[in-house]
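Notes for the one structure printed next.
The values are calculated or read from the model by the stated rules, or taken from the named source; none is laboratory data. Just so we're clear, the structure is a prediction, and the values are computed from it rather than from any experiment. When we count neighbours, we look across all protein chains shown, and the Cβ atoms used for this are built from the backbone with ideal geometry, even at glycine. Surface areas here come from the heavy atoms of the whole protein model, side chains and all, with no ligands, DNA or RNA. Shrake-Rupley method; radii C 1.70, N 1.55, O 1.52, S 1.80 Å.
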Amino acid sequence: MLSYLRIRGLALLDDVALELGPGLTVLTGETGAGKSIIVDALALIRGGRGRAELIRSGADACLVDAQFELEEPLAGRVATVLGPHGSPSGEEEGPTAVAAAPQATATRSTPSDGANVTGGRALVIQRAVPRTGRGRILIDTELSTQSVLAELGEHLIDLCSQHEHQSLTRPARQLALLDDCTGNGPLLARYEAVHTAYLDARRACSALATPNHDPAGRVGYLRDQLDQLLAAAPRPGELRELRARVALLRDASAWSEFANEAREALYDGDEAISSGITLLLARLRELSSRALEREDGSTTPQPPGLVGALVAELETARAATAEAAQLASRLAADVEIEPGELQAAEERLHQLCSLERRHGDLDAVDEVIATLEQDLESLEHREARLAEAARQANELRDATLTLAAELSRARVGAAIRLGQAITRELAGLHLRSARLEVSVTRASDDEPGPRGIDRVELLFSANPGEPLGPLSRIASGGELSRVLLAIKHVAAHSLVPTDDGTQPRRRGEGRAHEPGRGAASSVATYVFDEVDAGVGGAVAAAIAQRLHEAARGSQVLCITHLPQVAAFADTHLSVQKVLRDGRTITRVAQLDPAERVEELARMLGGAEVTESARVHARQLLTDGRRSTRPDEPVPPATVAPSRPGKGGQRPIPANAAEKTSKADRAGSRTVPRDRRRAMSAA
């Protein structure tokens, strides 16, 4: 459901924030107060095109923020829509980016305990429409596009007004309505599963039938590559070792000469470093022993420990020199090559480098060989695999068509019953001469589609003697609203029997019928505008009853001028024009029970609110509670205090709210007065 809506800079709506609940919410007010502007804001959230003329005079942009609380399965469908798009570019209509428009931000509306009101996920949509330039759309803080928002909006809001596009006019939506209302869900689920398997098999056939290269030529190529790898049999790390060996062998003579010279200089030569160090050690020891052998017992002064340290260092140098000489001898032995050894090493290096360029790192040669063998086997058995895939695809196509035909037969029979049930409901909604038929025809495409082989269209006639025509072209906005209302009532009450006369079982069946609960809906919020145009009395009460019943499975917002409809509301919002700082603005306030009496009395009696109008208003609220909550006791009616003023008597809500019973408050989601002020622009 839509839990929070904030509108800024949209016509008369300077800055209005609404917190909405489940069930039926009505918006009432004088003509021109700005009720339709709220519908315009919802159209923007639904993905409608932004128009500069909607922007309030003096504002650079209009901003609309909305938060939805989504339950399953609607949350799953929304995730499916958003999944493929990731984080779109965010560019909307217009040649330049928004400059002056501030960043649209939505305040998450949650209960005081922080829990999600529905137990599902929250979805935040933010829309900025500038006077000039491109707008900005954010979905859960990610930039998005108008096309993505329009696709998403079909699952969030269904606008039923005189001038707005509605999902009810689309053939795909009409097909879904037929299945939802007539219990075809299990059969459709079976069909969709088989159809998905058929599409997978068909894609597999296509992949096998169109290989990247000529099959025969590719088989030869793969076999040649495999034979080369198997013949070369490279070892892990061999290429690195071979590169180092070849570099060494290419300078073998120079290395051999250096090694011999180093060995000669270090150890073997007449003037070798090792010999010199040995002579120095002998001389040092001789001097040390001579100083100790003087006859008079005196000694030559020496720094303490220096002689011993020098002896140790010279010993270390002699040992290191001997070790270096041995290493030089080993190097000389290593670079002594046999004739032809360098040429063989270079040829092996060239072979391995060529294989590395074709297949990558040769340290993973086992994986490369396994992949080549698998590809080769796949191509060698391609014809057999293609034949098997084609056989499976044909079998699945036959199964798909069989289920599609069964589904089509079920739809044809259900379409007749659905059309009759909706026509009966339309008679109770002041469309007594209206007829509606559900046409089921074969789609032009020979291939079965995602929902079968049928094309469903709602045919409508509002007047006797007039032929049936497509609902999208024949029905007015008010008639479309009542048709959708009739469909919701039929679906909610299982008024379409199956072929065996039983009622179809739907999702949500068996749950308590409280506001916001009931049969599962495919849309989060329904918005009805002008649904009660041109009716009154008992017809208005029938419309109100059906609106409230529709709100058991979906959140319903209804703009109305009829007190009979407003009396059935779970939440009542008043839309008023006020003057602030010399400019007209629209404020929206949620009414408490006493204020509802005054508003209904105004709708009944006009500008002059009389006591008899108040009595009638209280009776309407009592009748509404009896109809929507028959098990709830209705308390005695109370008289709200009033005082004379311009335009008639006005309520004193603060006192009246205290005198209103708990049962009255249950009929309207009461918000403290200071919070209502924060929700309005006043």
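A compact table of results
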quantity: Unique residue being within 26 Å of the chain's Cα centre (by Cα) and open to solvent by less than 10 Å² (accessible area, probe 1.4 Å) when the list is L44, L82; calculated: L44
quantity: The range 550-573, residues that are farther than 18 Å from C160 by Cα, in a strand (DSSP E or B) and touching a helix residue (DSSP H, G or I) at 6+ places or on another chain (Cβ under 8 Å); calculated: H572
quantity: Test: L401 is at pLDDT 90 or above and either open to solvent by 30 Å² or more (accessible area, probe 1.4 Å) or more than 30 Å from C205 (Cβ to Cβ) (or both); calculated: yes
quantity: Test: residue in the range 476-487 that is open to solvent by 60 Å² or more (accessible area, probe 1.4 Å), aliphatic (A, V, I, L, M) and either within 15 Å of G419 (Cβ to Cβ) or at pLDDT 80 or above (or both); calculated: no
quantity: Which listed residue, of P339, P304, is modelled with pLDDT under 80 and over 30 Å from G237 (Cβ atoms); calculated: P304
quantity: Test: residue in the range 149-163 that is at pLDDT 80 or above, in a helix (DSSP H, G or I), under 16 Å from D454 (Cα atoms) and out of contact with any Ser or Thr (no Cβ under 6 Å at 6 or more places or on another chain); calculated: no
quantity: Positions within the range 57-77 being outside any helix (DSSP H, G or I) and surrounded by fewer than 21 Cβ atoms within 10 Å (Cβ to Cβ), in sequence order; calculated: S57, G58, A59, D60, E71, E72, P73
quantity: Every residue from the range 245-257 that is open to solvent by 100 Å² or more (accessible area, probe 1.4 Å) and free of Cβ contacts under 8 Å to residues at least 24 places away in the same chain; calculated: E257
quantity: Every residue from the range 131-148 that is surrounded by fewer than 21 Cβ atoms within 10 Å (Cβ to Cβ) and part of a strand (DSSP E or B); calculated: L138, E142, L143
quantity: Residue count for the range 2-36, restricted to those that are open to solvent by 10 Å² or more (accessible area, probe 1.4 Å), among the β-branched types (V, I, T) and either at pLDDT 90 or above or within 31 Å of the chain's Cα centre (by Cα) (or both); calculated: 0
quantity: From S439, S472, residue being buried (at least 16 other Cβ atoms within 10 Å of the Cβ), among the polar types (S, T, N, Q), without any contact (Cβ under 8 Å) to a residue 40 or more places away in the chain and under 30 Å from Y191 (Cβ atoms); calculated: S439
quantity: Enumeration of residues in the range 311-338 that are within 18 Å of L249 (Cα to Cα), open to solvent by 30 Å² or more (accessible area, probe 1.4 Å) and assigned to a helix (DSSP H, G or I); calculated: L327, S329, R330, L331, A333, D334
quantity: Counted residues, the range 404-428 - those being within 30 Å of D200 (Cβ to Cβ) and small (G, A, S); calculated: 5
quantity: First in the range 158-182 and within 14 Å of L471 (Cα to Cα) and basic (K, R), second anywhere and outside any loop (DSSP other than H, G, I, E, B) and at pLDDT below 75, Cβ under 6 Å, 6 or more apart; calculated: R173/S167
